[in-house]
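Undergrad: Have a look at the structure that comes next, please.
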Amino acid sequence: MTTFFQRAAFGLSAMMIAAASHAQIVIDEPWVRATVPSQSGTGAFMKLTSKTDSKLVEAASPVAQHVEVHEMAMENNVMKMRQIPGLPLPAGKTVELKPGGYHIMFINLHQQVKEGEQVPLTLTFESPDGQRSSMELLAPVKPLATPAGGHGHGQPMHKQSSQGHGHNHGAAKH
């Protein structure tokens with residue numbers, strides 16, 4: 001029986017290595033900013049690194065009515081925030097979503113987002129040929145006063161849809 005289990009473990013390890021080698025997007029240090037009671041919006045922040053040219057085109061979460069990819073930029077000496085149709089992810093370069101820059105915006109929250117909770121988040125990426133893939137993760141909620149950088153690790157669920165593959169860091173949710 002021991003040989004059977006050793007072979008099964010080897011086969012499982014080989015499949016996990018094969019799945020990891022197909023990963024196209026790495027998500028590091030995802031986090032969501034906590035809210036105060038009756039606050040209607042908040043942001044999610046993280047670092048995204050793609051092995052190939054790609055772009056982040058959509059985000060979704062059950063904690064808010066709308067979830068959008070946003071940028072903050074100076075226009076005529078005024079900081080403005082707006083939804084963007086896609087965030088380019090150049091191959092091999094880390095793109096940081098951070099307060100005051102690119103971020104995921106949660107609009108019309110269903111309830112307060114509290115420090116210590118985990119927020120489910122689905123990110124959709126698009127390759128240059130138009131193929132889309134989605135990755136699901138759990139992002140920890142950090143205090144309101146968390147500075148840019150957040151320094152926390154999310155807990156991805158390692159679920160993917162469509163034709164793409166993905167990878168996140170942390171404990172899997174099954």
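The values are calculated or read from the model by the stated rules, or taken from the named source; none is laboratory data. Given the structure is predicted, the values throughout are model-derived calculations rather than measurements. When we count neighbours, we look across all protein chains shown, and the Cβ atoms used for this are built from the backbone with ideal geometry, even at glycine.
Undergrad: Considering only residues that are closer than 21 Å to GLU136 by Cβ and either touching a residue at least 40 places away in the same chain (Cβ under 8 Å) or exposed (fewer than 11 other Cβ atoms within 10 Å of the Cβ) (or both), which ones fall in region 61-94?
TA: First, the residues of region 61-94 that are closer than 21 Å to GLU136 by Cβ: 61-70, 86-87, 89, 94.
Selection gives SER61, PRO62, VAL63, ALA64, GLN65, HIS66, VAL67, GLY86, LEU89, THR94.
Undergrad: Can you pull out every residue in region 35-47 that is surrounded by fewer than 23 Cβ atoms within 10 Å (Cβ to Cβ), of a type outside the set (D, E, K, R) and within 12 Å of the chain's Cα centre (by Cα)?
TA: Once the filter is applied, which keeps residues that are surrounded by fewer than 23 Cβ atoms within 10 Å (Cβ to Cβ), of a type outside the set (D, E, K, R) and within 12 Å of the chain's Cα centre (by Cα), region 35-47 yields only GLY43.
Undergrad: Using beta carbons and a limit of 7 Å, which pairs, at least six apart or on different chains, have the first residue in region 95-112 and of a type in the set (S, T, N, Q) and the second one not in a loop (DSSP other than H, G, I, E, B)?
TA: ASN108/ALA64; ASN108/GLN65; ASN108/HIS66
Undergrad: Please indicate, with yes or no, whether at least one residue in region 116-130 is modelled with pLDDT of 95 or more, of a type outside the set (Gly, Ala, Ser), assigned to a loop (DSSP other than H, G, I, E, B) and closer than 14 Å to ARG33 by Cβ.
TA: The answer is yes; a qualifying residue exists.
Undergrad: Tell me, which strands (runs of 3 or more DSSP E) lie completely within region 24-93 with 2 or more residues that are among the acidic types (Asp, Glu) and touching a Lys or Arg at 6+ places or on another chain (Cβ under 6 Å)?
TA: 25-33
Undergrad: What are the residues in region 108-141 that are charged (D, E, K, R) and surrounded by 14 or more Cβ atoms within 10 Å (Cβ to Cβ), if any?
TA: Taking region 108-141 as the starting set, the residues that turn out to be charged (D, E, K, R) are 114-115, 117, 126, 129, 132, 136.
Within region 108-141, GLU115, GLU117, GLU126, ARG132, GLU136 meet the criteria.
Undergrad: Considering each residue of region 32-46, count those that are in contact with a Pro (Cβ under 9 Å, 6 or more places away or on another chain) and either of a type outside the set (Val, Ile, Thr) or over 12 Å from VAL63 (Cα atoms) (or both), and give that number. Walk me through how you get there before you give the answer.
TA: Within region 32-46, the first condition is being in contact with a Pro (Cβ under 9 Å, 6 or more places away or on another chain), and the residues that meet it are 32-34, 43-46.
Among the residues that remain, those that are also either of a type outside the set (Val, Ile, Thr) or over 12 Å from VAL63 (Cα atoms) (or both) are: 33-34, 43-46.
Qualifying residue count for the region: 6.
Undergrad: Looking at region 131-159, which of the residues that are closer than 21 Å to GLN39 by Cα and small (Gly, Ala, Ser) is modelled with the lowest pLDDT?
TA: Step by step, filter region 131-159, then rank; the result is GLY150.
Undergrad: Which of the residues spanning region 100-115 are at pLDDT below 95 and assigned to a strand (DSSP E or B)?
TA: none
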